[in-house]
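A quick write-up on the structure given underneath.
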Amino acid sequence: MLVRVGSRGSRLALTQAERAASSLRAPGIELVLVPITTAGDRDRSRPFGEIGSRGVFVKELEEALLERRIDVAVHSAKDLTATDSAGLSIGAFLRRDDPRDALCGADRLRPGMRIGTASVRRRAQLLALEPSLSIEPLRGNVETRLRKRGERGLDAVVLAACGLDRLGLAGEIGLRFAPEQLLPEAGQGALALQVRVGEEELVAAADDVETRRRVEAEREVVFAIGGGCLAPVAAHHDGETLTALVADEDGAWIERRSGDDPAALAAELTALAQN
């Protein structure tokens, strides 16, 4: 049986796709990796809001699934839209890696630092931690952002720790932010295997139940709040407690709440944000 595994074409994405493929290998299964370029890959200069809504790294992979050009799509779970697209299902979440954000180029935040990130979630929380920081937009793949730090004279950049770990670049990390400092993006650190509805059995054996429980709770609260990677919203489940936040883009205020019920957390945070 031939199984075509679709992925973005960056080195990190292909590394992640190889990991996903290894979890699917079985007697009688032939796996083929199919690189696909997404809107977010084609335009690496403009802010995400000018390219489109959340899902700029997902849409083309989903279209390939629906058009039966691939059988499995490998996503970073944090890139997913808050709800499943019609006709598609997340058949598996691989066991989660480090969900934390990482500071590269320095081992702590210092007043007046210039830090590169394109994430409004990171921007808001960084400015709340140290209001004198200068947060500068920075896009590109992991290697590009690390290179641009030197080219632009930035003091540091903030990236997902899991991506650096997967690429063998953990040595670039000066500090892994505790979730109490920078609450991660919903799904950060997890890989999602998406399939057509009715074909979940293709990837079911790779599903990590605990990762699914945590990530689905995170996605649920973000969806209920109405946020995404274009809004300063974050959610993280540590295995015991779900924590979510909403924030002002410039870090002037942050509301953070913890609990067990995603809907209740979302309702409370939405009410606070509207006041």
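The values are calculated or read from the model by the stated rules, or taken from the named source; none is laboratory data. Because the structure is a prediction, the values reported are computed rather than measured. Every residue, glycine among them, receives a Cβ derived from its backbone with ideal geometry; neighbour counts consider all protein chains shown. Side chains included, ligands, DNA and RNA excluded: accessible areas come from the protein's heavy atoms. Shrake-Rupley method; radii C 1.70, N 1.55, O 1.52, S 1.80 Å.
Look through segment 93-127, keep the residues that are open to solvent by 40 Å² or more (accessible area, probe 1.4 Å) and either among the acidic types (Asp, Glu) or assigned to a helix (DSSP H, G or I) (or both), and return whichever of them is nearest to Arg213 (Cα to Cα).
Out of the qualifying residues, it is Asp97.
Name every residue in segment 67-87 that is closer than 18 Å to Glu220 by Cα, part of a loop (DSSP other than H, G, I, E, B) and of a type outside the set (A, V, I, L, M), in order of residue number. So that I can check it myself, show each step before the final result.
At the first step, the residues of segment 67-87 found to be closer than 18 Å to Glu220 by Cα are 75-86.
With the extra rule that they be part of a loop (DSSP other than H, G, I, E, B), the set shrinks to 80-86.
Hits for segment 67-87 are Thr81, Thr83, Asp84, Ser85.
Would you please name the residue that is nearest to Asp79 (Cα to Cα), looking only at residues in segment 229-240 that are modelled with pLDDT of 95 or more and open to solvent by 60 Å² or more (accessible area, probe 1.4 Å)?
Within segment 229-240, the match that is nearest to Asp79 (Cα to Cα) is Asp238.
Do you know which residues across segment 37-66 are open to solvent by 70 Å² or more (accessible area, probe 1.4 Å), modelled with pLDDT of 85 or more and not in a helix (DSSP H, G or I)?
Thr37
Contact list please: Cβ distance under 6 Å, first residue in segment 103-122 and without any contact (Cβ under 8 Å) to a residue 24 or more places away in the chain, second residue open to solvent by 50 Å² or more (accessible area, probe 1.4 Å), pairs at least six apart or on different chains.
Pro111/Ser132; Gly112/Ser132
Give Gly251, Gly153, Gly226, Gly174 a once-over and let me know the one that is out of contact with any helix residue (DSSP H, G or I) (no Cβ under 9 Å at 6 or more places or on another chain), farther than 23 Å from Val74 by Cβ, in contact (Cβ under 8 Å) with a residue 40 or more places away in the chain and not aliphatic (A, V, I, L, M).
Criteria check complete, one pass: Gly174.
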